[in-house]
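Notes follow the structure.
The values are calculated or read from the model by the stated rules, or taken from the named source; none is laboratory data. All values derive from a computational prediction rather than experimental measurement. Cβ atoms come from the backbone with ideal geometry, glycine included; neighbour counts cover every protein chain shown. For the accessible areas, the whole protein counts, side chains as well, though only heavy atoms, and no ligand, DNA or RNA atoms are used. Shrake-Rupley method; radii C 1.70, N 1.55, O 1.52, S 1.80 Å.
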Amino acid sequence: MLNDLDSIKSLAGEEIEKADSLKAVQDLKVRYLGKKGIITGKIKSLAAIAKEDRREYGKSLNDVKIYIEELLGVREKACKAVELNKTLQIQRIDVTIPGYRIPAGHLHPTTQVLGEIIGIFTSLGFHVEEGPEVELDFYNFEALNMPKEHPARDMQDTFYISDDVVLRTHTSPVQVRVMQNNTPPLRVIAPGKVYRCDADVTHIPMFHQLEGFMVDKHITMSHLKGVLEVFIQRVFGADTKLRFRPSFFPFTEPSAEIDISCVICRGAGCNVCKNTGWLEILGAGMINPRVFEMAGYDPAQYTGFAFGMGIERVAMLKYGIDDIRLFYENDKRFLDQF
Ligand code: DAH
């Protein structure tokens, strides 16, 4: 009868020795020691054994049980170690591999160019003022010498909020607001968003302008020329030429449109400058006495110059961009270039 215990013992020994995974060890545990396991079965059948044999058989059975438990324990430990090693191999971290870079954003090209322009003017003693984007008709037009029904209003396709309120079509209204609240001398730039009901390759409904003006006694057009020359040559290079062309704006008299020598062909003639050698860059002039009056200044006492430019236009010429809409389509392939 004890023979069957010997064969169980040796079979278990062989099987446990061959178990090569935690799962296999677990299965053997169930097979021998589980509720319906071989050893458990033998223990249950003890009652059926003749009394005189029971004691010895029970002791041997218990020895086999302990033997199997120990073997399983050893095997389980070994398999655990093997599996841990495997996972360590797979999940090994190589601390010498360079880290993953989180891509950092950067300033929008419009903001970059605006920052550069502001830097140039502040170095010349100008300071920055801002005005509202939702503006009264009075500041956007009336105070700038464009009364209602004035044909010059047609030059700017306006978004009207109501009869008296508009989305500002330019930054010029800041001139009047600043003059109303300050006394000369004034050296001010006013950057910001402006709005026009207009859309094509060179026009979008929202874009940025920068207004500049200087007001004091005895300010002349030569001051304007000096300031603009420094500005243009710092942005586009020291060999860039300026040209003042007579023009008309209701808020300046005389008025000029300022061209720069073509930044692409340097004056030789190309597509961008339409073979003229010149590019239109900004509007300017001497502040109209009517504007001074509207702002509460005595035009007999003060003179001043003003100018206004489109920031996207400056950026387009600086970087050779041919479609203004690219700025606001948020195509990363475009934006990443700046
Ligand atoms: N406000 C004008 C526009 O948006 C630009 C301009 C022209 C501004 C002449 C000025 C100026 O200050 O003197 O078309």
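With θ set to phi - 60° and the Karplus curve 6.51 cos²θ - 1.76 cosθ + 1.60, what are the ³J(HN,Hα) couplings of region 151-157 in order, to the nearest whole Hz, using x for Gly and Pro?
The phi angles translate into x, 5, 4, 5, 5, 10, 5 Hz.
If you take the beta carbon distance between S10 and A48 as r and set R0 to 22 Å, what does 1/(1 + (r/R0)^6) give as a FRET efficiency, to the nearest 0.05?
That pair, S10 with A48, gives E of 0.35.
Can you work out the FRET efficiency for the pair A268 and D154, with r the C-beta to C-beta distance and R0 = 35 Å, to the nearest 0.05?
Efficiency at R0 = 35 Å is approximately 0.45.
Scan around E253 for amide H atoms under 5 Å from its own, H built in the peptide plane at 1.01 Å from N, and keep only partners 5 or more places away or cross-chain.
M286, I287, N288
Students often check this: by mean Cβ neighbours within 10 Å, which of 295-304, 173-182 ranks highest, and how do the rest follow?
173-182, 295-304
Once fully extended, how much extra length lies between A24 and D163, figured as 0.36 nm per residue of separation less the alpha-carbon to alpha-carbon distance?
Difference between extended and current length: 41.4 nm.
Enter the Cα centre distance for the pair region 86-113 and region 259-338, rounded to the nearest angstrom.
One Cα centre to the other: 40 Å.
Hey, could you get me the Stokes-Einstein D for the chain, Kirkwood radius over alpha-carbon pairs, 25 °C and 0.890 mPa s, rounded to whole µm² s⁻¹?
The diffusion coefficient I find is 91 µm²/s.
Starting from the Cα-Cα distance between K332 and L88, subtract it from 0.36 nm times their residue separation and give me the gain in nm to one decimal.
Full extension from K332 to L88 adds 83.8 nm.
Based on Cβ point charges of +1 for Lys and Arg and -1 for Asp and Glu, what charge dipole magnitude is obtained for region 109-335 about its Cα centre, in debye rounded to the nearest 20?
Numbers: 21 positive and 29 negative charges, 168 e Å.
Value, rounded to 20: 800 debye.
Please report the carbon-and-sulfur percent of the accessible area for the chain; probe 1.4 Å, protein heavy atoms only, DNA, RNA and ligands left out.
54 percent
Show M146, M206 ordered by accessible area, largest first, where the area counts protein heavy atoms only and the probe is 1.4 Å.
Largest accessible area first, the residues go M206, M146.
From largest accessible area down, sort F244, F236; use a 1.4 Å probe on the protein chains.
F244, F236
Suppose the chain between T122 and V74 were pulled fully straight at 0.36 nm per residue; how much longer would it get relative to their current alpha carbon spacing?
Additional length available on full extension: 9.2 nm.
Given K9/K51; K51/K77; K217/K318; K217/K274; K9/K44; K18/K42, which pairs have Cα atoms separated by over 29 Å?
Distance filter (> 29 Å) returns K51/K77; K217/K318; K217/K274.
So if I take the centroid of the Cα atoms in region 125-187 and the same for region 217-245, what is the distance between those two points in Å?
Here the two parts' Cα centres lie 24 Å apart.
For a Förster distance of 35 Å, can you work out the FRET efficiency between the beta-carbons of V201 and V134, rounded to the nearest 0.05? Present the calculation step by step, with values, prior to reporting the outcome.
Numbers: r = 28 Å, r/R0 = 0.79.
For V201 and V134, the calculated efficiency is 0.80.
What number comes out for accessible area per residue over the chain if the probe is 1.4 Å? Units Å², please.
57 Å²
No partner Cβ under 4.7 angstrom, meaning no disulfide-compatible partner by this rule: which Cys of the chain qualify?
By the Cβ distance rule, which asks for a partner under 4.7 Å, the isolated cysteines are C79, C197.
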